[in-house]
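The values are calculated or read from the model by the stated rules, or taken from the named source; none is laboratory data. Quick caveat, the model's predicted, so the values are computed rather than measured. Don't worry about glycine lacking a Cβ; one is built from the backbone with ideal geometry, like all the others, and counts go over all protein chains shown.
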Protein chains: 2
Amino acid sequence: MSLRHAVLAALLEGEASGYELAKRFDLSVANFWSATPQQLYRDLERLEADGLVSARVVEQQRRPNKRVFTLTAAGRDELHTFTQEPARPVAMRDDLLVKLQALDVGDPEAVIKSFGARLERSREKLARYDRLREVLLAGRTEDEYLAAGDRVGPYLTLLGGRMYEQQNIRYATAVLNILLPPR
Amino acid sequence: MSLRHAVLAALLEGEASGYELAKRFDLSVANFWSATPQQLYRDLERLEADGLVSARVVEQQRRPNKRVFTLTAAGRDELHTFTQEPARPVAMRDDLLVKLQALDVGDPEAVIKSFGARLERSREKLARYDRLREVLLAGRTEDEYLAAGDRVGPYLTLLGGRMYEQQNIRYATAVLNILLPPR
DNA sequence: AACTCCATGTAACATGTTACATGATTCG
DNA sequence: CGAATCATGTAACATGTTACATGGAGTT
């Protein structure tokens, strides 16, 4: 029940079309939520029907027109209320860990390969998050940034993304160390 | 497309009824996959129809009869093939990080409270995983256990669960440290 | 007497994924 | 000239969640 809220939170960063939102979800928000463009289009329609976002058409030359969505006051209220609800526990769902669990009847080399790929992806993601962090900080130290008081949330979710990927790197490394030199 | 495989992997630990599987999912498997009992019943039907598990009715006195499911040879093959497929990237979906992202329009105290609750849950889960680890090791060191060669997969997924919760604890602590003494 | 545990299921609904369709523009 | 990007959508399908139903046994 809460892609809605992820969309609203993403729109806090400024108005966007469905297409632009999809990219935003791929960059900053990917860290804690994911969605396909189709989901976004469907949910934006609903959010508009519920008055939580408003849409206006922006005409463009040499480009198809686009519908740009903005948070309404009701949308902000909804977000505020949402933050007061208890968070639901996260449910893990990782393909690769299922494969790992089935290692004894599986193909160890293939699983090792997948972990190698995971490791590399995590390194790339971490590098991307680090770059995003530089942009956010804009030359200031973390303390200076936080002292400004604004946008603490986005900084902390980014921190979450970085720590999460660091953890993935640690774990993949540990698994490979155990599986790779099998003697 | 892969609760199926999580179920098959869970059945590697031995035959089980739908009800028992649900509990198994809550304990050992919860770490990397989750499912409601209803999903399990539905999927077990399908797995049986596809010949990947076989069912037999166990009559019980003073208890309702139960249908106990076992992996078939075809089920094991399916698992083997599954481990060879490339793993799909994990998609994060965390309610609480959405709330954190929306902190500036949200209710900081409520969010802080939620993080406190998360922290506590992670500590409990970690303790549970640690107990499971003791049971698995059965007095041996990690090296001795791994040298035995069997059941390496389950050990590594458990390691994953432990590291994951350790990470959650670190992150929640970091967030609280930044949000709590706001000056 | 009320509650929890065992045990299985149906039905309705919400969410997420995949495939397909369209059509112009810029870039190499 | 072909590929990628901009931009939006429909339809079908797969998965996951919630609510409800049933009924006996053991526990407090």
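Only one entry in B:Ala30, B:Ala73 is of a type outside the set (Lys, Arg) and either more than 19 Å from A:Val90 (Cα to Cα) or out of contact with any Gly (no Cβ under 9 Å at 6 or more places or on another chain) (or both), namely B:Ala73.
Residues that are of a type outside the set (Ser, Thr, Tyr), away from DNA strand C (no atom under 16 Å from the Cβ), outside any helix (DSSP H, G or I) and farther than 30 Å from A:Val152 by Cβ: does segment B:34-43 have at least one?
Narrowing segment B:34-43 to residues of a type outside the set (Ser, Thr, Tyr): B:35, B:37-40, B:42-43.
Imposing the further condition that a residue be away from DNA strand C (no atom under 16 Å from the Cβ) reduces the set to none.
No, the conditions are met nowhere in segment B:34-43.
Residues in segment B:1-33 that are modelled with pLDDT of 90 or more and outside any helix (DSSP H, G or I): 8 in all.
B:Arg123 fulfils the conditions (1) among the basic types (Lys, Arg); (2) in contact (Cβ under 8 Å) with a residue 12 or more places away in the chain; (3) under 16 Å from A:Met92 (Cβ atoms) except for a single criterion, (3).
Being part of a helix (DSSP H, G or I), surrounded by 16 or more Cβ atoms within 10 Å (Cβ to Cβ), in contact (Cβ under 8 Å) with a residue 24 or more places away in the chain and within 9 Å of DNA strand D (Cβ to nearest atom), is that true of even one residue in segment A:44-67? Checked segment A:44-67: at least one residue is part of a helix (DSSP H, G or I), surrounded by 16 or more Cβ atoms within 10 Å (Cβ to Cβ), in contact (Cβ under 8 Å) with a residue 24 or more places away in the chain and within 9 Å of DNA strand D (Cβ to nearest atom). Screening A:Arg151 against (1) touching a helix residue (DSSP H, G or I) at 6+ places or on another chain (Cβ under 6 Å); (2) surrounded by 15 or more Cβ atoms within 10 Å (Cβ to Cβ) leaves a single unmet condition, (1).
Listed by position, the helices (runs of 4 or more DSSP H) inside segment B:92-183 whose residues that are more than 10 Å from chain A (Cβ to nearest Cβ) number at least 1 are B:108-137, B:142-148, B:152-179. Screening A:Asp77, A:Asp26, A:Asp50 for residues that are more than 12 Å from DNA strand C (Cβ to nearest atom) and farther than 20 Å from A:Val152 by Cα leaves exactly one candidate, A:Asp26.
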